[in-house]
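Student: My questions all concern the structure below.
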Amino acid sequence: TNSAILRPRDVLHEIIKLGEPKIILVHNHQVGDPTPSKADFDFTERLVQAAGIVGVELLDHIIVAEKGYSSIFYLRGLKK
């Protein structure tokens, strides 16, 4: 597939059950280009907000692909 429907609650459900305080989200782009899409940026922003509400810190969202990887936090200036 070239897309997947994922909601913040899908990601956070197991994290909350396990009691994890911090997470790093990683997914792949099968087309080989690790450049984040608008949907990747939008989902990351929603996940940061949802995670913060339940006391979980999203440390980064990384996209891996054949041509390398991208950090959404680095690209958005959120990573130090």
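The values are calculated or read from the model by the stated rules, or taken from the named source; none is laboratory data. What you are looking at is a predicted structure, and each value in this text was computed from that prediction instead of being measured. Ideal geometry is used to build each Cβ from the backbone, glycine not excepted, and the neighbour counts take in all protein chains shown. The protein model used for the area step is the full one, side chains on, heavy atoms only, and it has no ligands, DNA or RNA in it. Shrake-Rupley method; radii C 1.70, N 1.55, O 1.52, S 1.80 Å.
Student: Just the number, please: Stokes-Einstein D of the chain in µm²/s, Kirkwood Rh from C-alpha pairs, 20 °C, 1.002 mPa s.
Tutor: 164 µm²/s
Student: Among G55, G19, G32, whose Cα lies farthest out toward the positive end of the dipole of the chain, if unit charges sit on the beta carbon of Lys, Arg (+1) and Asp, Glu (-1)?
Tutor: The Cα lying farthest towards the positive end belongs to G55.
Student: List the aspartates and glutamates whose Cα sits under 18 Å from the Cα of K38, skipping any in the same chain fewer than 8 residues away.
Tutor: D60
Student: At 0.36 nm per residue, minus the direct Cα-Cα distance, what do T35 and D10 gain on full extension? Give it in nm, one decimal, please.
Tutor: That pair, T35 and D10, stretches by 6.7 nm at full extension.
Student: Suppose every K and R has +1 on its Cβ and every D and E has -1 on its Cβ; what is the size of the dipole of the chain about the Cα centre, in Debye to the nearest 20? Don't skip to the answer; put the middle values down first.
Tutor: Values: 10 positive and 10 negative charges, 35 e Å.
Using Cβ point charges on Lys, Arg, Asp and Glu, the chain gives about 160 debye.
Student: Contact order normalised by length for the chain, with contacts defined as Cα pairs under 8 Å and 6 or more residues apart; what percent is it?
Tutor: Taking the mean separation of contacting Cα pairs over the length of the chain, I get 35 percent.
Student: When ligands, DNA and RNA are left out and all protein chains stay put, how many square angstrom of accessible area per residue does the chain have with a 1.4 Å probe? Could the numbers behind the result be given before it?
Tutor: Working: 5770 Å² over 80 residues.
Spelled out: the 1.4 Å probe surface of the chain, per residue, equals 72 Å².
Student: Can you give the angle from 0 to 90° between the axis of helix 8-18 and the longest principal axis of the chain, with both taken from C-alpha atoms, to the nearest 10?
Tutor: Long axis of 8-18 versus the principal axis of the chain: about 50 degrees.
Student: Rounded to the nearest 500, what is the chain's calculated 222 nm mean residue ellipticity when only DSSP H runs of at least 4 contribute -39500 (n - 2.57) each, over all residues? Don't skip to the end; give the middle numbers.
Tutor: Working: 3 runs with 31 residues, N = 80.
Result for the chain: -11500 deg cm²/dmol, rounded to the nearest 500.
Student: Still on this structure: Heavy atoms only, probe 1.4 Å: what % of the accessible area of the chain goes to carbon and sulfur, would you let me know? Let's see the in-between values first.
Tutor: On the way: 3240 of 5770 Å².
Carbon and sulfur atoms account for 56 percent of the accessible area of the chain.
Student: Only bridges whose two residues both fall in the stretch 11-72 count here: according to DSSP, what percent of them are antiparallel, nearest 5?
Tutor: Approximately 35 percent, going by the DSSP bridge assignments.
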